[in-house]
1. Can you go through B:26, B:30, B:21, B:84 and tell me which one is among the basic types (Lys, Arg) and within 14 Å of another protein chain (Cβ to nearest Cβ)?
2. Take the range B:138-157 and flag every residue that is among the aliphatic types (A, V, I, L, M), in a helix (DSSP H, G or I) and open to solvent by 10 Å² or more (accessible area, probe 1.4 Å).
3. From the list B:355, B:329, exactly one residue is surrounded by 23 or more Cβ atoms within 10 Å (Cβ to Cβ) and in contact (Cβ under 8 Å) with a residue 60 or more places away in the chain. Which is it?
4. Only one of these conditions is not met by residue B:59: (1) hydroxyl-bearing (Ser, Thr, Tyr); (2) crowded, with 24+ Cβ neighbours inside 10 Å; (3) away from every other protein chain (no Cβ under 14 Å). Which number is it?
5. I'm trying to understand the selection: among the residues of the range B:160-194, which are touching an Asp or Glu at 6+ places or on another chain (Cβ under 7 Å), surrounded by 21 or more Cβ atoms within 10 Å (Cβ to Cβ) and away from chain A (no Cβ under 14 Å)?
6. Restricting to the range A:97-119, name every residue that is more than 25 Å from residue A:227 (Cα to Cα) and in a loop (DSSP other than H, G, I, E, B).
7. Can you work out which of the residues in the range A:359-388 that are open to solvent by 60 Å² or more (accessible area, probe 1.4 Å) and part of a loop (DSSP other than H, G, I, E, B) is nearest to residue A:415 (Cα to Cα)?
Number of protein chains: 2
Amino acid sequence: MNGSPEALPDPREVVERKRDRGQLTREEMRSFILGYARGDIPDYLAAAFLTACYLNGLSIEETTELTQAMVDSGRTIALLDVDRPKVDKHSTGGVSDSVTLVFVPLAASLGLAVAKLSGRGLGHTGGTLDKLESIPGLRTDLSVDEFEAQVARIGCVVAGQTEDLVPADGAMYALRDATGTVASIPLIAASVMSKKLAVNSDLILLDVKAGSGAFMKTPESAAELARTCVLLAAGAGRRARVAVTDMTRPLGTAIGNALDVAEAVRILRGEERGRLRDLSVRFAGVAVSSLLGGSQAEAEQRAEAALDGGAALDTFALMVETQGGDHRVAEDPAGVLPRAPHRVDMALDRTGFVVEIDAEALGRAAAQLGAGRVRKGDPVDPAVGIEFTATVGDHVEAGQPVGTIHSRTPEDAARAEAVVRGAVTVGDEAADPPPMVFGWYDSDDVEEAGG
Amino acid sequence: MNGSPEALPDPREVVERKRDRGQLTREEMRSFILGYARGDIPDYLAAAFLTACYLNGLSIEETTELTQAMVDSGRTIALLDVDRPKVDKHSTGGVSDSVTLVFVPLAASLGLAVAKLSGRGLGHTGGTLDKLESIPGLRTDLSVDEFEAQVARIGCVVAGQTEDLVPADGAMYALRDATGTVASIPLIAASVMSKKLAVNSDLILLDVKAGSGAFMKTPESAAELARTCVLLAAGAGRRARVAVTDMTRPLGTAIGNALDVAEAVRILRGEERGRLRDLSVRFAGVAVSSLLGGSQAEAEQRAEAALDGGAALDTFALMVETQGGDHRVAEDPAGVLPRAPHRVDMALDRTGFVVEIDAEALGRAAAQLGAGRVRKGDPVDPAVGIEFTATVGDHVEAGQPVGTIHSRTPEDAARAEAVVRGAVTVGDEAADPPPMVFGWYDSDDVEEAGG
């Protein structure tokens, strides 16, 4: 200690310490992240930092400080006018994963508030904003005031993240994408959780997908990410419940923006059963039992009733209308949603049991049709995509329809059909599909660290 | 393989491969390094690359490709008009290390050609260019044509590196300095050897310093760098002989630019004995025996005779004069070289044997007096510095002079004297000093790799 005013940590020394597997202090992490978010630290130094973090890892204490610094890089949303218990929900991204579209109005119809900031699709995974925007007129670029007012009034809202919320995340994500440092569990967890912590809520639900169609390819790596996220929630004094769920195959039957909305409407109308409905009910049950009391089984029964009785559908229609969209989508999705000019039923060429479906291949095929984007900022085609109704364990007959390709041209359809056929394995014996949920992680189970 | 024209490797994929401890191909390394040198690859991606190299290492094959790509980023110097056998020499940098000043004219006086590109001092280590420029009028900013012509005519030249020689090195070094990725043996070896390979020579002599006053702090790490350098020479089909030498204490007695020149002149005049003379003779002996034949002992005798008989001094005077300097420095250094306004003799406060001298502390004290620079591009003061005549193993008497501080102000001198006193350990028993040379490494001992 000398008598001079306390100096900020030298950012190069912060990088060198991480390079040497040292433990960064709270102040070192904060000054580096906030300095980068302010533009005081150049990209090359942040790239060296991220590469060192990627290769040497971050302790949970460092990840906690990183996450909090990211939150503090921008504004937060307090939701002070919301009276109901508040639940937030996030999925790490999958194929035919429209749980958010179902969960948000479902949970709101059960008495919870859901203020949800969503992202766009990238690569083979879809994005909730892209899906919702296939509904004519619907806006997702709400101001923070609009966002807060809507959830206070009707109990739910889904909008895009504003630039002043966790600005460090946008800058760091772009640099990670450019430098091959995306696939780091602490960096992913900090990115996910900083955005959840920046919005006030009583419960954070995370759905960490595991399998070929997800970013985390194995249940083990997904579990590590899940554990890190609950530790970050606990460190911030917030409640989180995190599921690791199966993404070895598409969750629902639709892969494409308007197709996903149409499927979500079918579920909200009580017309479609299957894993997409089951997982939505599971999350709604966890939210209701955690925040309103009662058992998980009772809460799931309430959720089933809200789907079958129309309450969730009414809330969905109200949310769509409040955000400027055509609420008739809830009654007549086919009449409201955009429709691709070519629709070709497809069949498999072998009779037997579906043993495996390469979810990533299907996601990429839909993206190639125009439903997804290769680069951030690319436009998406709302109408195109793939419906594939068979799933693992089903018996299929050669030549019998198992889905429909929705495309701009016949050539696009033929190409997609070939990919889908190649992505589906049919065998002679029925295989047991993996469970829908591999495991749950709860921030309440985290022991208090420190004194 | 598809039919499209061969695409260059994606630089982000190159970084990802190194991140994942993969082995880079020749083409991947070349396209990345040459792309960076051209400005096509942004600093942040190169920073991620260098951090991954720092943490995951580079194989000798990768280091060889890196080095060759660095050479190929700029022009090379062929020295086609030089008839004599050509020797190049480089030191990794030490304190009171003026071997180059002695070696260059000494080897030239023995019938060899020495075309030497040198650098400037940084931190606690001195630089040959700074030292030579303390001679009034002497130019080191020679054009390549001047450089080649001088060595063809008089057998020796020492000049600064031009920007078009190994431009990748300058760009990469600045980024390494900014991102904490300097201390990587493959990156250091590639930087050193690329500059040696870019100038044609029949023998490359390297002096890898080991100890407190050097960049490599231990003989083991210095040996690793030495081994890497001989492998790089062998891979390029060039001959290199590399010594790991002691830098646990200053090599000579002078630390400061004009002071270093004055000491070199004393050695070239046969007036000063000690390790600086011995090491210069050793290197000259290796060069002569390797390139002109005969034993090491005979070659060293020839070198001793050239120092004691005046031949080396004459060559030095001719080189100084050819580069525009005042050749009288060879006869009367005190009359020609700049002189600091304050000169204070210093003593130690204890009688006994010198056990240890912290060479880095002495180097830093001289730099603080103005002899060195903290940042590239800072000016240096040619006149100031430290003369310290005692060395490890010597017996010293309290209060008896052991050196002189040359400074701008009395305050500077007092500060430096305190540092020097603190940097010298005096004990009751004489300690054995480390050997002058820890070991030699020869590219001729490298087994042929591959077929």
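1. Numbers: B:26 fails: within 14 Å of another protein chain (Cβ to nearest Cβ); B:30 fails: within 14 Å of another protein chain (Cβ to nearest Cβ); B:84 fails: within 14 Å of another protein chain (Cβ to nearest Cβ).
The match here is B:21.
2. Initial filter on the range B:138-157 (among the aliphatic types (A, V, I, L, M)): B:138, B:142, B:144, B:149, B:151-152, B:154, B:157.
Keeping just the survivors that are in a helix (DSSP H, G or I) gives B:144, B:149, B:151-152, B:154.
If the condition is that a residue be among the aliphatic types (A, V, I, L, M), in a helix (DSSP H, G or I) and open to solvent by 10 Å² or more (accessible area, probe 1.4 Å), then B:144, B:149, B:152, B:154 are the ones that fit.
3. On the way: B:355 fails: surrounded by 23 or more Cβ atoms within 10 Å (Cβ to Cβ).
Step by step, each of B:355, B:329 is checked, and only B:329 is surrounded by 23 or more Cβ atoms within 10 Å (Cβ to Cβ) and in contact (Cβ under 8 Å) with a residue 60 or more places away in the chain.
4. (2)
5. Within the range B:160-194, B:191, B:194 meet the criteria.
6. The initial filter retains those residues of the range A:97-119 that are more than 25 Å from residue A:227 (Cα to Cα), namely A:101-102, A:105-106, A:108-113.
Within the range A:97-119, A:110, A:111, A:112 meet the criteria.
7. Going through the range A:359-388, the residues open to solvent by 60 Å² or more (accessible area, probe 1.4 Å) turn out to be A:364, A:368, A:374-377, A:379.
Now drop any that are not part of a loop (DSSP other than H, G, I, E, B), which leaves A:374-377, A:379.
Numbers: A:374: 18, A:375: 21, A:376: 24, A:377: 25, A:379: 21 Å.
Filtering first and then ranking leaves A:374.
To keep it simple, each residue is scored yes or no on (1) part of a helix (DSSP H, G or I); (2) among the aromatic types (Phe, Trp, Tyr); (3) under 15 Å from residue A:173 (Cα atoms); (4) within 14 Å of another protein chain (Cβ to nearest Cβ).
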{"residue": "A:34", "(1), (2), (3), (4)": "yes, no, yes, no"}
{"residue": "A:47", "(1), (2), (3), (4)": "yes, no, yes, yes"}
{"residue": "A:51", "(1), (2), (3), (4)": "yes, no, yes, yes"}
{"residue": "A:63", "(1), (2), (3), (4)": "yes, no, no, no"}
{"residue": "A:67", "(1), (2), (3), (4)": "yes, no, yes, no"}
{"residue": "A:71", "(1), (2), (3), (4)": "yes, no, yes, no"}
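The values are calculated or read from the model by the stated rules, or taken from the named source; none is laboratory data. Bear in mind the structure is a predicted one, so any value in this text is a computation, not a measurement. Here the Cβ is made from the backbone with ideal geometry for all residues, glycine too, and neighbour counts use every protein chain on show. For the accessible areas, the whole protein counts, side chains as well, though only heavy atoms, and no ligand, DNA or RNA atoms are used. Shrake-Rupley method; radii C 1.70, N 1.55, O 1.52, S 1.80 Å.
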